[in-house]
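S.K.: Structure incoming, see below.
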Amino acid sequence: MKSILVIGSLLCVLAIPLIAPLESQASLTYTRVKVESVDQASQSLTFKTAEGEVWTLAALSADMLSGLHKGDTCSLEIDFDNRVTKIVKIDSP
């Protein structure tokens, strides 16, 4: 009986790493970007990265963009379709 439990336990332990982890919603995270412009009509956000790259991406909803203004510093999450999925406003030092 003990050998069956040991074999069963080993199979469970060995099988766990074979299960793929759930895919994250975010494919890319920027922790500090500067807002260049916000376009509510097209639901897009233009921002500048710390490396100086300027991107314009669609947001999942116009509500995400409310309260953002040029010059704001934010943290962004971007999905695999290059859409902004999360925006967190950061107080600038």
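The values are calculated or read from the model by the stated rules, or taken from the named source; none is laboratory data. Not measured: the values here are computed from a predicted model. Heads up, the Cβs are rebuilt from the backbone with ideal geometry, glycines too, and the neighbour counts pull from every protein chain shown.
S.K.: Taking the criterion of being touching a residue at least 60 places away in the same chain (Cβ under 8 Å) and either of a type in the set (A, V, I, L, M, F, W, C) or under 17 Å from ASN82 (Cα atoms) (or both), would at least one residue in the stretch 26-42 satisfy it?
M.R.: yes
S.K.: Separate question: So, LEU45, is that one touching an Asp or Glu at 6+ places or on another chain (Cβ under 8 Å), hydrophobic (A, V, I, L, M, F, W, C) and part of a strand (DSSP E or B) or not?
M.R.: Against the criterion (touching an Asp or Glu at 6+ places or on another chain (Cβ under 8 Å), hydrophobic (A, V, I, L, M, F, W, C) and part of a strand (DSSP E or B)), LEU45 qualifies.
S.K.: Modelled with pLDDT of 90 or more and under 18 Å from the mean Cα position of the chain (by Cα): is that true of ALA62 in this structure?
M.R.: In short, yes.
S.K.: Let me ask something else. Could you list all residues from the stretch 52-93 that are farther than 16 Å from THR31 by Cβ and in a loop (DSSP other than H, G, I, E, B)?
M.R.: Of everything in the stretch 52-93, those that are farther than 16 Å from THR31 by Cβ and in a loop (DSSP other than H, G, I, E, B) turn out to be LEU60, SER61, SER66, GLY67, LEU68, HIS69, LYS70, GLY71, ASP79, PHE80, ASP81, ASN82.
S.K.: Restricting to the stretch 47-86, count the residues that are surrounded by fewer than 13 Cβ atoms within 10 Å (Cβ to Cβ) and among the aromatic types (Phe, Trp, Tyr).
M.R.: 1
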